[in-house]
1. All but one of (1) part of a loop (DSSP other than H, G, I, E, B); (2) hydrophobic (A, V, I, L, M, F, W, C); (3) farther than 16 Å from residue 117 by Cα hold for residue 92; which doesn't?
2. Filter the range 13-37 down to the residues that are touching a strand residue (DSSP E or B) at 6+ places or on another chain (Cβ under 7 Å) and either touching a residue at least 12 places away in the same chain (Cβ under 8 Å) or loosely packed, with under 10 Cβ neighbours inside 10 Å (or both) and list them by number.
3. Look at the range 104-122 and say how many of its residues are surrounded by 13 or more Cβ atoms within 10 Å (Cβ to Cβ) and over 17 Å from the mean Cα position of the chain (by Cα).
4. Suppose we filter the range 38-84 for residues that are surrounded by 13 or more Cβ atoms within 10 Å (Cβ to Cβ), of a type in the set (Gly, Ala, Ser) and in a helix (DSSP H, G or I); how many remain?
Amino acid sequence: MRIAYLDESGTPEIGGNTTHFVLLALVIEDRSWKQKDADVLAVKQKYGLGSAELHAAWMNRRYAEQERIKDFEKLTMDDRRAAMHQAREDAVIKRAARRGLSEIKALKKTFQKTADYTHLTLSERRAF
C-alpha cells in the first residue's frame, strides 16, 4: 500500500491573489512512513521546530527585524525569539502611528505566519 499526501498552494481562479496554482503529491510506501516521519521530526527538533507546520515560502523570506538586531546570529535561540518578539511589537506600534487598521492587521498576520521561525537566521531556515 502507498500513502499519499496532497497539498496545494495559490489560487486556481483567474484574478486570484497569486499568479500560480501548484498541486503537489508525495507518495511513500506504507512500511516506511514511520521511519520517514521520525527522520523529519529529528530534523525539525534540531532546528527548534518540533511541532511547527512548515511553510517553505515563509521560511525562505528575509525578516527585516532580524537584520536590525545587533549580532542576531550570535544570540541563543531563546534570546533570538525574545528579541524578535520585541522588534515586532515595536514595528506594530510604529505602523499604528503612521497607517490605518488594515495595515496593522496585515502586518500582524505576516508576523503570525512566521512566528515559529523567528529564532532561525535566514541561512539556518534555508539550510533546514
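Please treat every number below as a calculation from the coordinates, not as lab data. What you see is a predicted model, and the numbers here were worked out from it, not measured in a lab. In this analysis, Cβ positions are derived from the backbone assuming ideal geometry, glycine residues included, and neighbour counts consider all displayed protein chains.
1. Of the numbered conditions (1) part of a loop (DSSP other than H, G, I, E, B); (2) hydrophobic (A, V, I, L, M, F, W, C); (3) farther than 16 Å from residue 117 by Cα, the odd one out for residue 92 is (1).
2. Result: 20, 21, 22, 23, 24, 25, 26, 27, 28, 29, 30, 33.
3. Within the range 104-122, residues that are surrounded by 13 or more Cβ atoms within 10 Å (Cβ to Cβ) and over 17 Å from the mean Cα position of the chain (by Cα) number 1.
4. Adding up the residues that qualify gives 2.
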